Amino acid sequence: MIKLIVVGKIKEKYFTDAIKEYEKRLSKYTKLNIVEVADCGIEELDKSLRIEKDAIMKHLSLRDYIILLDVKGQEMTSVEMAKVMADREMNNSNITFIIGGSNGFHQDIYNIAKEKWSFSKLTFPHQLFRIMFLEQLYRTYKIRNNEKYHK
């Protein structure tokens, strides 16, 4: 099972439509659970990160293999991601990805993560990145199953 915990809500219909499309496509390969937690919106950084951390922690279990999607993480190609995902799924029944808010993660979240992955050194809007992640996750399953995927 793949769990995706995200800080922030999606309001725009065109983003929610794209997310639903990738959820549907991914259902052929894996169970996907997307959990949204509120973006704190408090200007005091420490307090904001603490509140978001507490909200994230409520959705984690001891069996979760946690991967942060973070600009400070390891970059890889789609083929490399497919190989890494195959390995992680072979050894872990629950893989949890977390997309943080605009301020990143509280240190406690960094401390419990097994890995950090980055898609780029560029900054992306939260809503768009969620779709990009789901697309890449879908692509990894297509690659692993030797299925054709339009490039």
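The values are calculated or read from the model by the stated rules, or taken from the named source; none is laboratory data. None of the values given here were measured: they were computed from a predicted structure. Virtual Cβ from ideal backbone geometry, glycine too; neighbours counted across all protein chains shown. These accessible areas exclude ligands, DNA and RNA; they are computed on the full protein's heavy atoms, side chains included. Shrake-Rupley method; radii C 1.70, N 1.55, O 1.52, S 1.80 Å.
Below, the figures for the structure above:
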| quantity | calculated |
| --- | --- |
| Global form of the range 59-151, assessed from the alpha-carbon gyration tensor, a/c cut-off 1.5 | oblate |
| Net charge of Cβ neighbours under 13 Å - reference Lys47; Lys, Arg +1; Asp, Glu -1 | -3 |
| Gain upon complete extension [Lys148, Met76; 0.36 nm per residue less C-alpha separation] | 23.9 nm |
| Gained length - Tyr14 relative to Met90, 0.36 nm times residue gap less alpha-carbon distance | 23.9 nm |
| Chain lengthening between Ala38 and Phe124 when straightened (0.36 nm per residue, less Cα-Cα) | 29.1 nm |
| Expected 222 nm ellipticity per residue - DSSP helices of 4 or more, -39500 (n - 2.57), all of the chain, to 500 | -14000 deg cm²/dmol |
| Positive-end residue of Ser102, Met76, Leu26, charge dipole of the chain with Cβ unit charges | Leu26 |
| Sequence-distant residues sharing a close amide H with Trp117 (under 5 Å, placed H) | Leu68, Leu69, Asp70, Gln74 |
| Qualifying lysines (Cα of each under 22 Å from Cα of Lys58; at least 8 residues distant if same chain) | Lys3, Lys9, Lys31, Lys47, Lys114, Lys116 |
| The range 101-137 versus the range 1-72: alpha-carbon centroid distance in Å | 9 |
| Test item: Cα-centred dipole of the range 32-151, Lys/Arg +1 and Asp/Glu -1 on Cβ, debye | 520 |
| Local net charge near Asp64, Cβ-Cβ under 10 Å (Lys/Arg +1, Asp/Glu -1) | +3 |
| Residue-normalised accessible area of the range 42-95, expressed per residue, 1.4 Å probe, Å² | 62 |
| Within the range 77-139, trypsin sites (Lys or Arg not before Pro) in DSSP loop having at most 16 other beta-carbon neighbours inside 10 Å | Lys114, Lys121 |
| Residue with peak Gaussian network fluctuation, the chain [Cα springs, cutoff 10 Å], from Leu128, Leu62, Leu26 | Leu62 |
| Radius 12 Å from Cβ of Phe129, net charge of other residues (Lys, Arg +1; Asp, Glu -1) | -1 |
